[in-house]
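Q: First the structure, which I've put down as structure tokens, then a few questions once you've had a look.
The values are calculated or read from the model by the stated rules, or taken from the named source; none is laboratory data. Since the model is a prediction, treat every value here as computed from it, not as a measurement. Neighbour counts run over all protein chains shown; Cβ positions are idealised from the backbone, glycine included. Each accessible area value is taken on the protein alone, full model and side chains, heavy atoms only, with ligands, DNA and RNA left out. Shrake-Rupley method; radii C 1.70, N 1.55, O 1.52, S 1.80 Å.
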Amino acid sequence: SPLGGGFGRARLDPCQRILMHRRAAAGVAERAAPLAQRARHVAQAADRDQPDHISTLIDAGRELIHAAPAETAHYLQVAVSLLEPGDARLYEGRILLARARLLAGDVAESRAVLNTLRLEDPDRPPHDVSVVVAAGRIEHGLGRYPEAAAIGRSGLAALGDHDSAAVAALHTGLADAAVDQQQYEVARHHADLAAAIARRHRDRVGEAHA
């Protein structure tokens, strides 16, 4: 196969290689191949004038983020680079990219993506609480425990009395930050709240984490 080996790919003209990946992407799409297989080819030859290319990469980001976060981050980075400012998909693409970077262990890169979101649109509240949760985990991963706690508290304040699994995740983050600051009573308080909320929503993973 012309795309089968790294040495063969290296010898191909870049334009020829892109064309071959586009043909492969079209072929696997016609066969309704798994999303991961389609995204692999699209990422190598994505074209902003082909709307389905961007959709394929973002859909792959949603589906594969936990199974293959590093590979997913690559797909999402390509998608984000193709989107124009003002495109409604850009915000979600960056959120997914930040989460994928975090799951892949690229804490600093994940933080940089979220900072870009804040700088470009500081007045827009996150439409997904997972952004706040991710931001708190990033600060925690960098050893910035007071900052992680501050993000968690601001997230809870923004949600008010809203009761959801996302609120449980914020309380769990606050418990984590408190443990690392040896504030054990505070940690117990937030962990108990997180467990109770997760239990109400039948979120067994969230309850176990709490």
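Q: Which of the residues that make up the range 36-53 are part of a loop (DSSP other than H, G, I, E, B) and under 17 Å from Leu64 (Cβ atoms)? Give the derivation first.
A: Initial filter on the range 36-53 (part of a loop (DSSP other than H, G, I, E, B)): 45-50.
Within the range 36-53, just Ala46 meets the criteria.
Q: Can you confirm whether Val113 is at pLDDT below 75 and either among the β-branched types (Val, Ile, Thr) or open to solvent by less than 30 Å² (accessible area, probe 1.4 Å) (or both)? So that I can check it myself, show each step before the final result.
A: Values: at pLDDT below 75: no; either among the β-branched types (Val, Ile, Thr) or open to solvent by less than 30 Å² (accessible area, probe 1.4 Å) (or both): yes.
For Val113, the condition - at pLDDT below 75 and either among the β-branched types (Val, Ile, Thr) or open to solvent by less than 30 Å² (accessible area, probe 1.4 Å) (or both) - is not met.
Q: Looking at the range 80-96 only, could you name the residues that are without any contact (Cβ under 8 Å) to a residue 24 or more places away in the chain and assigned to a helix (DSSP H, G or I)?
A: Correct list: Val80, Ser81, Ala88, Leu90, Arg94.
Q: If the Cβ limit is 6 Å and pairs must be 6+ apart or interchain, which residue in the range 137-160 that is assigned to a loop (DSSP other than H, G, I, E, B) pairs with which residue that is open to solvent by 60 Å² or more (accessible area, probe 1.4 Å)?
A: Cβ pairs passing all conditions: none.
Q: I would also like to ask the following. For a quick check of your reading of the model, give me the residue pairs whose first member lies in the range 65-79 and is surrounded by 24 or more Cβ atoms within 10 Å (Cβ to Cβ), whose second is in a loop (DSSP other than H, G, I, E, B), with beta-carbon atoms closer than 6 Å and at least 6 apart or on different chains.
A: That search, which allows pairs on different chains as well, returns Thr72/Ile65; Ala73/Ala104.
Q: Being within 30 Å of Glu139 (Cα to Cα) and at pLDDT 80 or above: is that true of Asp59 here? Quick ask: steps written out before the conclusion?
A: Details: within 30 Å of Glu139 (Cα to Cα): yes; at pLDDT 80 or above: yes.
Yes.
Q: Hey, among the residues in the range 173-210 that are under 14 Å from Arg153 (Cβ atoms) and outside any helix (DSSP H, G or I), which one's most open to solvent (accessible area, probe 1.4 Å)?
A: Across the range 173-210, the extreme among qualifying residues is Gln183.
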